[in-house]
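The values are calculated or read from the model by the stated rules, or taken from the named source; none is laboratory data. Keep in mind the model is a prediction, meaning the values are calculated, not measured. Methodologically, a virtual Cβ is constructed for each residue, glycine included, from the backbone with ideal geometry; neighbour enumeration extends over all protein chains shown. Quick note on the areas: whole protein, heavy atoms, side chains included, nothing else; ligands and nucleic acids left out. Shrake-Rupley method; radii C 1.70, N 1.55, O 1.52, S 1.80 Å.
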Amino acid sequence: MNRLIVSRTFRIGERLLGCHARHAGQEELRLQQRRSIKTHCRHLAYAKDLFLGQVNKAEVFPYPEIGNDEVEEIKQLVAPVEKFFSDDVDSAKIDREATIPLETLQGLKDLGLFGIMIPEEYGGLGLSHTIYARLNEIIALDGSIAVTLAAHQAIGLKGILIAGNEAQKKKYLPKLASGEHIAAFCLTEPGSGSDAASIQTRATLSEDGKHYLINGSKIWISNGGMADIMTVFARTEVEVDGVKKDKISAFIVERAFGGIASGKPEDKLGIRGSNTCELSFDNVPVPVENVIGEIGGGFKIAMNILNSGRFSMGSSCAGMIKKLIELTSEYAATRKQFNKSLSEFGMIQEKFAMMALNAFVMESMAYLTAGMMDRPGVPDCSLEAAMVKVFSSEGGWICVSEALQVLGGLGYTKNYPFERFVRDCRILPIFEGTNEILRMYIALTGMQYAGKILTGKIKEMKKGNIGLAIGMVGKKLRTSLGASVDLGLTGKDGVVHPSLETIVDEQLVLKRVADVLIHMYAMTAVLSRASRSISIGLRNHDHEVLLANTFCNDAFFKNNYWMVQLQKHSPENNDANIKKIAKQVLENRAYICSHPLERTY
Amino acid sequence: MSGRVLVGVKRVIDYAVKIRVKPDNTGVVTDGVKHSMNPFCEIAVEEAVKLKEKKLIKEVVAVSCGPQQSQETIRTALAMGADRGIHVDVSGKDYENLGPLQVSKILAALAKQEDAQLILLGKQAIDDDCNQTGQMTAALLDWPQGTFASEVSLEGDKINLVREIDGGLEHIKINTPAVITADLRLNTPRYATLPNIMKAKKKKIVTVKPADLGVDVTSRLEVLKVEEPPQRQAGMKVETVEDLVVKLKEAGRV
């Protein structure tokens, strides 16, 4: 691991801390006073300590192993799913007709793919996160099916699974597991996308106190047109210490309750076979027994649901890229130009190396995260899952585009699946939390954690616990390389620079912090996996070592560059200019330069 | 009648894999290569499970001869609906030399031990293409055989069979107990659904050795050499029949 990076990251946390210590008595992060991104400092897993410059080796080395039974099981489970997808799924047709044929849907239900993680006692397969990720590698070969299944089980019914009571589980899970009922997750509204806490749909308690009446509309709901069971989020009035407040609650709503209307399916660029539509709720009566968790606790549940579904994007993208490598290399090996096959040209070779590297990193991150989530206890891997999602969605988009490039004109036609993969992949950086929001989440959650820990340590220091202080300083000396990073967050004499209080608005800073952390987690995953492969002697482990080294090299330089950019007055930092340009363009709502052909004389 | 059916399943290299010959020409590369159940064995399992679903037979027992990995193949049969499995453990040199004669002796012994009413096999395996095991098993047991079956129906204690032969279709009626080998058009095997795979984990697989059945698996055949088929040569276009004759004479074919 890179000591330079580690020490510098440590210093960011320390500078932040400087501000907090000076604002005596203020324990809460200023960030949360605004109506902004909510972050909770829960029992986070591994990545949080990266913000403190610590690598908790015990959490990520060795790479998670699955039991012997599971190894056998995986082989058995994967075979029929692979067969189904290669023989009975016509992705071109699904894309063309913008719908998944009923026989295909039934085939998926029969295979048991609608209840992969639902416990066996409720009729599901009760499989672990790891096996779920493995199956997603195959399911991802058709984007529409992948999204339909994910909307159903990764988010649609997850609320019941993680926060529902026994009665709700018994009532709803069996039919959801078999696919008889399909689920949908209803949070987003026309006015509330990334800003999920601002939703306006309302649930008012009826006179007799037995029902809530839900009114409002939701947009971009996957499976919205065919879902029978929906997890709907709405504002409810609650009393907190005698004060009436509006808080979000989660409800299990059956279409059968009446009052629900679905709009027409959206005509999308990609994942066209997945049904996406508007839903309107008109005085929909929902029995009070259908509240998930507590009244007022809906937002937390929503975030937990979304956080838990993200990690599988790593394995989905990896599965898709692996398939693309097969398809594309066939072509590159046979197509000849200038009397050489394409595979002999450097720029083409680079594309294949990039695809292999990306698939390797995504797999490593996804299964490391899944392995952590499968550990007993309930570790909160939301930070890691977010990192996996950001890396995989962007890596996937680039790889798919480059794969199309290899085929040139042919790749651009509908005769080949590449253009469909490109269209299907464009949604990845958008849904399940936009990558912009997730970067904010990663940076802020980590910094909040670091801030808390360091505040604690500074308190100790103030109490006169010199030993601890020396320990901290000593450690820093040992790990630092002497160079100092001035983020410009504290000015002369330690006076707080105004920008620190609004760190949440310093998106360009946070973006780089998040990118550095994502790459550090990626490096961890890749090193952990390659070490395991060497230790147990997997086939082609030397290729893995090659991939791991190449990626880490590349990531190291990228991280360094970002760290350098983070220095406020560094020449590599164009942030001030970028903001100026953006301001002028946006004020005028147009490109403002005079045309180069104009004259003033 | 016991109502018990024995189904033989063989673990072979997957049909979609490109076969490569080992550099020492003693066999083909099997290490790290994808294996699965022989497609004709899948059809046999499907037929057996169908008969059970129609309540014409009571129990389906899947049998496979081979090393530890053969158990995976048995598990697939269990996931398709077989009730229990018997793994005849043959590994190493014995496994490399295992052929239809040895397997049919094993199946015959098992049929007697399990009091089977019917033995269902695939017509041939896609790795050795022998097309002998079914016939040999029937001969050893002195049972009637219905090979290349494309339709099977039970009628009391007799079986009506339609066989696909070179000349067309042959309809025969045979007594039970009997050996049937499945041909391509007999049925379309079902997918082993994930819930069934999970349920199959609870079904039993018993391991036995050939010696326990009193079978000697030494082979009477010795493989001398395995080589790739000759590369297909480029063809030549000729303008007239005379040219053709000249070229054929040159190549020494005429």
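Brief remarks on what is shown
- Condition check for A:H569: touching a residue at least 24 places away in the same chain (Cβ under 8 Å) and either in a helix (DSSP H, G or I) or open to solvent by less than 40 Å² (accessible area, probe 1.4 Å) (or both): no
- Annotation: A:G464 fulfils all but one of (1) surrounded by 14 or more Cβ atoms within 10 Å (Cβ to Cβ); (2) outside any helix (DSSP H, G or I); (3) modelled with pLDDT of 50 or more; the unmet one is (1).
Results for (1) within 28 Å of A:T445 (Cβ to Cβ); (2) in a helix (DSSP H, G or I); (3) in the same structural domain as A:S382 (by the TED database), shown as yes or no for each residue.
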| residue | (1), (2), (3) |
| --- | --- |
| A:L508 | yes, yes, no |
| A:R539 | no, no, no |
| A:L547 | no, yes, no |
| A:K580 | no, yes, no |
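- Where a residue in the range B:188-205 is at the interface with chain A (Cβ under 8 Å from one of its Cβ atoms) and its partner, wherever it lies, is open to solvent by 70 Å² or more (accessible area, probe 1.4 Å), with Cβ under 6 Å and at least six apart: B:T193/A:D110
- Among the residues of the range A:73-101, those that are outside any helix (DSSP H, G or I), open to solvent by 50 Å² or more (accessible area, probe 1.4 Å) and away from chain B (no Cβ under 14 Å) comprise A:D90, A:T99.
- Selection of the range A:329-367 for residues being among the small types (G, A, S) and more than 30 Å from A:T130 (Cα to Cα) yields A:A332, A:A333, A:S341, A:S343, A:G346.
- Cβ pairs under 6 Å, 6+ apart, first in the range A:102-124 and within 12 Å of chain B (Cβ to nearest Cβ), second surrounded by 15 or more Cβ atoms within 10 Å (Cβ to Cβ) and of a type in the set (V, I, T): A:D110/B:T193; A:L111/B:T193; A:G112/B:T193; A:G124/A:I118
- Any hit, the range A:268-285, residues being touching a His at 6+ places or on another chain (Cβ under 7 Å) and in a strand (DSSP E or B): yes
- Condition met for A:L306 (on the phi < 0 side of the Ramachandran plot, part of a helix (DSSP H, G or I) and open to solvent by 50 Å² or more (accessible area, probe 1.4 Å)): no
- Yes/no for A:G377 being out of contact with any Asp or Glu (no Cβ under 8 Å at 6 or more places or on another chain) and either open to solvent by 40 Å² or more (accessible area, probe 1.4 Å) or of a type in the set (F, W, Y) (or both): yes
- Matching residues, the range A:50-72, being within 14 Å of another protein chain (Cβ to nearest Cβ) and either in a loop (DSSP other than H, G, I, E, B) or within 15 Å of A:E137 (Cβ to Cβ) (or both): A:G67
- Checking each residue in the range A:251-289 for being surrounded by 23 or more Cβ atoms within 10 Å (Cβ to Cβ), over 22 Å from A:V147 (Cβ atoms) and not β-branched (V, I, T) picks out A:F251, A:F281.
- For B:E72: the one exception among (1) closer than 30 Å to B:R20 by Cα; (2) more than 14 Å from chain A (Cβ to nearest Cβ); (3) among the charged types (D, E, K, R): (2)
- Of all residues in the range B:165-186, those that are open to solvent by less than 40 Å² (accessible area, probe 1.4 Å) and on the phi < 0 side of the Ramachandran plot total 10.
- Residue among A:L357, A:L327 that is within 24 Å of A:E432 (Cβ to Cβ) and open to solvent by 20 Å² or more (accessible area, probe 1.4 Å): A:L357
To keep it simple, each residue is scored yes or no on (1) among the aliphatic types (A, V, I, L, M); (2) more than 20 Å from A:E72 (Cβ to Cβ); (3) open to solvent by less than 10 Å² (accessible area, probe 1.4 Å).
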| residue | (1), (2), (3) |
| --- | --- |
| B:I43 | yes, yes, yes |
| B:A48 | yes, yes, yes |
| B:E59 | no, yes, no |
| B:G66 | no, no, yes |
| B:G81 | no, no, no |
| B:H87 | no, no, yes |
| B:S91 | no, no, no |
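- Members of the range A:125-152 that are farther than 23 Å from A:I66 by Cα and within 13 Å of chain B (Cβ to nearest Cβ): A:L149
- Residue, farthest from the other protein chains (Cβ to nearest Cβ), within the range B:2-55, restricted to residues that are assigned to a loop (DSSP other than H, G, I, E, B) and touching a Ser or Thr at 6+ places or on another chain (Cβ under 7 Å): B:K10
- Pair list, Cβ < 6 Å and 6+ apart or interchain, from the range A:527-553 residues that are more than 14 Å from chain B (Cβ to nearest Cβ) to residues that are surrounded by 14 or more Cβ atoms within 10 Å (Cβ to Cβ) and of a type in the set (V, I, T): A:S528/A:V60; A:A530/A:V545; A:A548/A:V526; A:F551/A:V361; A:F551/A:V526
- Pairs, first among the small types (G, A, S) in the range B:95-118, second assigned to a helix (DSSP H, G or I) and open to solvent by less than 10 Å² (accessible area, probe 1.4 Å), C-beta under 7 Å, six or more apart: B:S104/B:T137; B:A108/B:T137
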